[in-house]
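Engineer: Quick one: this structure, given as structure tokens, is what I'll be asking you about.
The values are calculated or read from the model by the stated rules, or taken from the named source; none is laboratory data. A quick note: this is a predicted structure, and the numbers were derived from the prediction, not measured. Counting neighbours? That spans all protein chains shown, and the Cβs are built from the backbone with ideal geometry, glycine included.
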Amino acid sequence: MLEKLSKWKSTISSREKNKDIDDINVPRHIAIIMDGNGRWAKLKGLPRVAGHHEGMKVINKIVRKADELGVEILTLYAFSTENWKRPKTEVDYLLKLPERFLNKELPTLIEKNVKVRLMGSIEQLPEHTQRAVTKAMKETENNTGLVLNFALNYGSRYELINAVKDIAKEVESGSMSVEDIDESVISEHLMTAELRDPDLLIRTSGELRLSNFMLWQVAYSEFWFTDVLWPDFNEQHLVEAIAVYQKRARRYGGV
Ligand code: IPE
Ligand code: IPE
Ligand code: MG
């Protein structure tokens, strides 16, 4: 009885906190282009890496909130295939962050039943980064809660090139015919093979572009852009994005 009462109380208080959104229609897959770290640092007269450090801290808050709201998949764009163009010191710093984040947060992620997943070309990453993410994926592989999907050294065009090559090889070897190629065959050859497409795509920092992110998968996603820079992004912004999403009519070409 007491247990029931406290459960009811906590449900009520979390509803109050999230009164702007409807618990039933929460986007099942949210993808975020976490942008604006450099500009955040510049505004404060700090080096760009200070922005990346601050941005890393935000990830934790957003993962918790997404989990609490019942989101099933959270995809975070952390490093693109084009980000190698940045100065080496910045690239090195960015590629240290997954390890730093996981060293600190992996026990909590395990406790929260979160499953860590990666999409991107892991082989090109520094060994220490590979080790940290492989460990996290292995230690959470049987978890059944929120899927935390990091896009790390990810580029959508690269992903599509590889999918096309793999499909072509299967056709060449005779295991598939050209007529068999349909939407599901393409989806199954992408790095998101077992994930549903994002329902909601968020980009911070005021940029209105995809920057080579999930070009195939966002065909029918709802987009939400904000001028807020990633290090300033918080739980309330996530709730706001979901509230806007819930007011949209997803028609998928219908009426
Ligand atoms: C996002 O912040 C982090 C990554 C792209 C890795 P930026 O570093 O792109 O920040 P801005 O866009 O220069 O402000
Ligand atoms: C996209 O941001 C990549 C990530 C957030 C990891 P960028 O800052 O690299 O994108 P552009 O260069 O402004 O398009
Ligand atoms: Mg940027």
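Engineer: With the requirement that a residue be in contact with a helix residue (DSSP H, G or I) (Cβ under 8 Å, 6 or more places away or on another chain) and of a type in the set (D, E, K, R), what does region 105-117 give you?
Structural biologist: Selection gives 105, 112, 117.
Engineer: To continue, here is another question. What is the residue count in region 85-95 for residues that are buried (at least 17 other Cβ atoms within 10 Å of the Cβ) and away from ligand 3 (no atom under 14 Å from the Cβ)?
Structural biologist: 2
Engineer: Which condition from (1) among the β-branched types (Val, Ile, Thr); (2) modelled with pLDDT of 95 or more; (3) in a loop (DSSP other than H, G, I, E, B) is the one that residue 21 breaks?
Structural biologist: Of the numbered conditions (1) among the β-branched types (Val, Ile, Thr); (2) modelled with pLDDT of 95 or more; (3) in a loop (DSSP other than H, G, I, E, B), the odd one out for residue 21 is (2).
For every residue, the table says whether it meets (1) at pLDDT 95 or above; (2) touching a Pro at 6+ places or on another chain (Cβ under 7 Å); (3) part of a helix (DSSP H, G or I); (4) within 24 Å of residue 67 (Cα to Cα).
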site	(1), (2), (3), (4)
192	yes, no, no, yes
195	yes, no, no, yes
210	yes, no, no, no
223	yes, no, no, yes
238	yes, no, yes, yes
241	yes, no, yes, yes
244	yes, no, yes, yes
253	yes, no, no, no
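Engineer: Only one of 54, 72, 68, 82 is surrounded by fewer than 18 Cβ atoms within 10 Å (Cβ to Cβ), within 16 Å of ligand 3 (Cβ to nearest atom) and of a type outside the set (Gly, Ala, Ser); which?
Structural biologist: Testing whether each residue is surrounded by fewer than 18 Cβ atoms within 10 Å (Cβ to Cβ), within 16 Å of ligand 3 (Cβ to nearest atom) and of a type outside the set (Gly, Ala, Ser) leaves just 82.
Engineer: Given the condition surrounded by 12 or more Cβ atoms within 10 Å (Cβ to Cβ), hydrophobic (A, V, I, L, M, F, W, C) and closer than 30 Å to residue 44 by Cβ, answer yes or no: does some residue in region 205-213 qualify?
Structural biologist: Within region 205-213 (the criterion being surrounded by 12 or more Cβ atoms within 10 Å (Cβ to Cβ), hydrophobic (A, V, I, L, M, F, W, C) and closer than 30 Å to residue 44 by Cβ), the answer is yes, since at least one residue qualifies.
Engineer: While we're on this one: Can you tell me which residues in region 138-158 are out of contact with any Gly (no Cβ under 7 Å at 6 or more places or on another chain) and under 24 Å from residue 82 (Cβ atoms)?
Structural biologist: Result: 148, 149, 150, 155, 156, 157, 158.
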